[in-house]
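*Asks:* Input: one structure, supplied below.
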Amino acid sequence: MLHSLWKEAELSSESATPSWEIFHENSKTGHYDGALTNDQVVAEMDNLYDVFPYKQFPAIPLPETLAPINRSFMETITNRVTPKEIRPTTLTMEELRTILYCGYGVTRDNSDNEYITRPFRTVPSGGALYPLELYFYTNQRVTSLAAGLYHYSPVENAIQCIQEGNFDEEIANTLVSFQTHLAFDTSLILFITAAFNRSTFKYKEKGYRFALFEAGHVAQNINLAATALELGVINIGGYHDRLVDRFLKIDGLNHATVYLNGICKGN
């Protein structure tokens with residue numbers, strides 16, 4: 001039922017105006033747009049998860065330490081490339097933690113702030129609302145982790161295995177034809193998803209744009225962290241959205257996949 005919600009939202013194919021143009025025009029900020037008060041924003045934030053808890057799955061603690069990095073910032077920036085040869089390698093738990101932390105980890109507490117109550121992350125976020133979630137799949141390519149789909153909990157510095165098993169073939173079927181091999185040739189595939197209501201309740205249609213901005217920030221941090229660790233990243237936009245959402249067991253409308261990143265051996 002959840003995966004059929006897109007049918008109710010789909011724009012008519014007979015429209016002469018492209019849907020992106022309609023959205024862009026309707027998501028512009030105007031001088032007379034109504035805004036919520038700070039108290040209203042705080043009240044709504046208290047009703048929304050800052051990260052999905054997945055309490056039914058035990059937390060697997062990540063290391064407290066980060067993997068050592070020997071590259072300078074400028075060397076990391078200039079060496080970020082899409083690998084020409086894609087092959088898997090085994091990651092340590094420290095390397096996994098470093099990639100996840102740099103992507104969307106918690107950097108500092110914010111409990112003394114009256115109106116922005118959530119802890120800050122490694123990326124900027126409109127209103128510090130943090131609408132994104134990070135999942136990843138690995139087929140025994142991370143030391144001591146079983147094959148399966150995992151969810152990252154930044155606040156706890158932990159992950160949860162929400163579905164154990166080998167899903168190489170299933171993930172391959174979610175990718176466009178010339179990229180199906182990435183399901184087999186990468187060490188792990190990261191799924192960046194957006195729970196849009198965390199942003200849109202405050203910023204309306206513009207909040208959707210903010211969620212996509214934020215996904216770009218996260219993906220760039222993942223790229224730079226992996227490059228600094230001498231790993232490679234394949235940034236994946238060629239995926240069948242509904243199949244990926246179905247694999248993650250999310251509805252694809254209120255909560256949807258917005259970006260994929262495959263981690264592999266660097267060039």
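The values are calculated or read from the model by the stated rules, or taken from the named source; none is laboratory data. What you see is a predicted model, and the numbers here were worked out from it, not measured in a lab. No Cβ is skipped: glycine too gets one built from the backbone with ideal geometry, and neighbour counts run over all protein chains shown. In case anyone asks, the SASA skips ligands and DNA or RNA and just uses the protein heavy atoms, side chains included. Shrake-Rupley method; radii C 1.70, N 1.55, O 1.52, S 1.80 Å.
*Asks:* Which of the residues spanning segment 35-57 are open to solvent by 70 Å² or more (accessible area, probe 1.4 Å) and at pLDDT 95 or above?
*Replies:* Scanning segment 35-57 gives a single hit, Gln56.
*Asks:* Let me ask something else about it. Which residue pairs have Cβ atoms under 6 Å apart, sit 6 or more places apart or on different chains, and have a first residue in segment 12-31 that is surrounded by 10 or more Cβ atoms within 10 Å (Cβ to Cβ) and a second that is at pLDDT below 90?
*Replies:* The qualifying pairs are Ser19/Leu11.
*Asks:* Something else about it: Could you tell me which of the residues Pro68, Pro63, Pro119 is in contact with a Lys or Arg (Cβ under 6 Å, 6 or more places away or on another chain) and either at pLDDT 95 or above or surrounded by 14 or more Cβ atoms within 10 Å (Cβ to Cβ) (or both)?
*Replies:* Criteria check complete, one pass: Pro63.
*Asks:* Within segment 198-207, is even one residue at positive phi and not acidic (Asp, Glu)? So that I can check it myself, show each step before the final result.
*Replies:* Residues of segment 198-207 that are at positive phi, as a first pass: 204.
Still in the running and not acidic (Asp, Glu): 204.
Yes, segment 198-207 contains at least one residue that is at positive phi and not acidic (Asp, Glu).
*Asks:* Could you tell me which residue of segment 250-262 is surrounded by the most Cβ atoms within 10 Å (Cβ to Cβ), considering only residues that are more than 21 Å from His217 (Cα to Cα) and of a type in the set (A, V, I, L, M, F, W, C)?
*Replies:* The residue in question is Ile250.
*Asks:* Going through Phe247, Phe184 one at a time, which residue ends up being modelled with pLDDT of 95 or more, surrounded by fewer than 16 Cβ atoms within 10 Å (Cβ to Cβ) and part of a helix (DSSP H, G or I)?
*Replies:* Phe184
*Asks:* Only one residue in Ala172, Ala194, Ala146 is out of contact with any helix residue (DSSP H, G or I) (no Cβ under 9 Å at 6 or more places or on another chain) and either outside any helix (DSSP H, G or I) or not hydroxyl-bearing (Ser, Thr, Tyr) (or both), so which one is that?
*Replies:* Ala146
*Asks:* Quick check on my filter: what residues within segment 214-267 are over 22 Å from Ala128 (Cβ atoms) and aromatic (Phe, Trp, Tyr)?
*Replies:* Result: Tyr239, Phe247.
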